[in-house]
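Each value in this text was obtained by applying a stated rule to the coordinates, not by laboratory testing. Predicted model only: the values in this text are computed from it and were never measured. Counting neighbours? That spans all protein chains shown, and the Cβs are built from the backbone with ideal geometry, glycine included.
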Amino acid sequence: MTPDLPRTLQEPTTQVGKADYLRIATEEAWCPPEMFDIYKRILDEGSIDDPGFMTMFGFYLNSGSTRARQIRDYITDLGAQRIAHMDERGIDKQVLFLTSPGVQVMPTAEAVAFAADANDQLAAGCARYPNRLAGLIAVAPQDPAAAAKEIDRGINKLGLHGVVINSHTFGEYLDDQKFWPILEAAEACDTPIYLHPQVPHKAMIEPFLDRGLDGAIYGFGVETGLHMLRIMVSGALDRFPRLQFVVGHLGEALPFWMYRLDYMHRAGVVSKRYAGMPPTERKLSDYLRQNIYVTTSGMAWGPAIKFCQEVLGEDRVMYAMDYPYQHGAEEVVATDNLDISQAAKKKLFQTNAERVFKLT
Ligand code: CA
């Protein structure tokens with residue numbers, strides 16, 4: 001045991017036993033070593049002006065701390081070590097994807113090519129463990145047309161199970177209509193988009209940085225919740241009504257805001273005060289309940305999980321672990337022990353994920 005590690009990064013002392021449902025973890029991370037090499041180059045060149053990326057990967061790539069070394073080791077493995085860690089923690093299947101920010105910090109041509117290569121590697125890795133691993137498609141929003149094609153290839157040629165977008169791309173969000181070919185392709189392929197966090201972009205990060213709040217403690221959630229909300233108020237989900245998003249960390253706080261979002265959205269639309277807030281066909285709570293799934297990544301906390309099940313519905317909440325950033329066996333046990341019905345627990349751990357990501 002290393003005393004400076006958070007409790008959730010310690011190795012499990014006991015194995016987690018079998019349950020009468022499968023435990024499917026739906027926000028799990030992977031990174032080919034070549035992506036770290038590209039990140040090192042980007043950092044060395046100073047070629048992007050992104051303080052959040054520099055802070056985060058300055059740490060993960062260079063730190064000798066136990067946490068950074070473990071993450072570099074665990075995240076690059078797509079084989080026996082990953083499966084052993086799943087076994088130790090009682091995880092039957094991982095839904096995994098290229099770690100944040102993926103290709104979204106690379107020059108456009110490199111991002112498009114690297115996403116395709118990563119998707120090939122991930123599909124091959126999943127094919128070696130078809131009952132244990134299922135991958136999502138990385139895309140480069142920098143080239144929306146290429147991203148749309150890659151979604152089609154990922155679903156129809158590679159057998160992957162959804163799309164991951166790591167929030168903003170150089171400060172731009174998916175509600176901008178130039179990105180809508182990506183939304184259109186996902187809807188056409190009937191596959192969800194996992195809107196995964198990354199650090200706030202340059203225009204937003206300043207007040208987070210000096211208190212160390214730019215990462216997973218708060219900056220990720222603020223950035224990604226804002227992104228999802230921008231999509232909801234933009235009308236994108238009226239244009240693509242069948243499109244489904246998945247949002248981690250129990251919806252990045254949006255379910256908790258649901259009442260106020262509806263009230264103030266209506267007030268803003270009626271007053272015509274905001275040029276960027278057009279009327280939408282449905283209430284914001286309708287989009288949350290009809291177009292958004294949330295996962296429990298990093299939030300192994302009964303009251304919050306049960307709240308989301310109550311306000312979104314049991315069918316809209318899925319289990320996630322967030323390996324290897326957070327992978328404590330005691331969090332699995334805590335979620336196993338939630339005081340909810342067995343039927344609700346099976347939806348949470350297994351059947352919602354099987355349906356949303358078409359795993360069976
Ligand atoms: Ca994550």
(request) Using amide H atoms built 1.01 Å from N in the peptide plane, name the residues 5+ places from residue 318, or on other chains, whose amide H lies under 5 Å from its own. (result) 294, 295, 296
(request) Pull up the cross-link candidates among the lysines for residue 40, meaning alpha carbon to alpha carbon under 20 Å and not fewer than 8 places away within one chain. (result) 202
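Peptides 194-203, 326-335: what's the order by average Cβ count within 10 Å, highest mean first?
Values: 194-203: 22.7, 326-335: 19.3.
Going from most to least packed, we get 194-203, 326-335.
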(message) Using the Cα centre of the range 7-356 as origin and beta-carbon charges of +1 (Lys, Arg) and -1 (Asp, Glu), tell me which of 107, 16, 294 is placed farthest towards the positive end of the dipole.
(response) 294
(request) Take each of the peptides 159-171, 62-74, average the number of other beta-carbon atoms within 10 Å over its residues, and list them starting from the highest. (result) 159-171, 62-74
(request) Hey, can you grab everything whose amide H is under 5 Å from the amide H of residue 166? Only 5+ residues off in sequence or another chain; H modelled, so Pro and N-termini drop out. (result) 196
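Of the peptides 259-265, 88-94, how do they stack up when ordered by the mean number of other Cβ atoms within 10 Å, highest first?
Details: 259-265: 14.3, 88-94: 21.4.
Output ranking for 259-265, 88-94: 88-94, 259-265.
Within a Cβ distance under 14 Å of residue 302, other residues only, what is the Lys/Arg minus Asp/Glu net charge?
Numbers: positive: 306, 345; negative: 310, 330, 331, 336, 339.
That works out to -3.
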(request) Among 59, 126, 156, flag the residue with its Cα farthest along the positive direction of the charge dipole of the chain, charges on Cβ as +1 for Lys/Arg and -1 for Asp/Glu. (result) 156
(request) Within the range 278-321, report the chymotrypsin sites (Phe, Trp or Tyr not before Pro) that DSSP leaves as loop and that have at most 16 other Cβ atoms within 10 Å. (result) 301
(request) Under 24 Å Cα to Cα from residue 283, which lysines show up? Leave out anything in the same chain fewer than 8 places away. (result) 272, 306
(request) Compute the separation of the alpha-carbon centres of the range 186-203 and the range 24-96 and state it in Å as a whole number. (result) 19 Å
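What GluC sites (Glu not before Pro) does the range 144-252 have in DSSP loop regions with at most 15 other beta carbons within 10 Å?
On the way: sites: 150, 172, 184, 187, 223, 252; in loops: none.
Sparse-neighbourhood loop GluC sites (Glu not before Pro): none present.
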(request) Once you have a ≥ b ≥ c as the square roots of the Cα gyration tensor eigenvalues for the range 38-163, tell me rounded if a/c is under 1.5, and otherwise prolate or oblate according to whether a/b is larger than b/c. (result) oblate
(request) May I have the extent of the alpha carbons of the range 7-356 along their three principal axes, as whole Å values ordered from largest to smallest? (result) 58, 53, 45
(request) May I ask you to list the lysines whose Cα is less than 26 Å away from that of residue 149, ignoring any residue fewer than eight positions away on the same chain? (result) 157, 178, 358
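In debye to the nearest 20, how big a dipole does the chain give about its Cα centre with +1 on each Lys and Arg Cβ and -1 on each Asp and Glu Cβ?
Working: 36 positive and 46 negative charges, 179 e Å.
I would put it at about 860 debye.
How high is the FRET efficiency from residue 59 to residue 170, r the C-beta distance, R0 25 Å, rounded to 0.05?
Details: r = 21 Å, r/R0 = 0.84.
With a Förster radius of 25 Å, E is 0.75.
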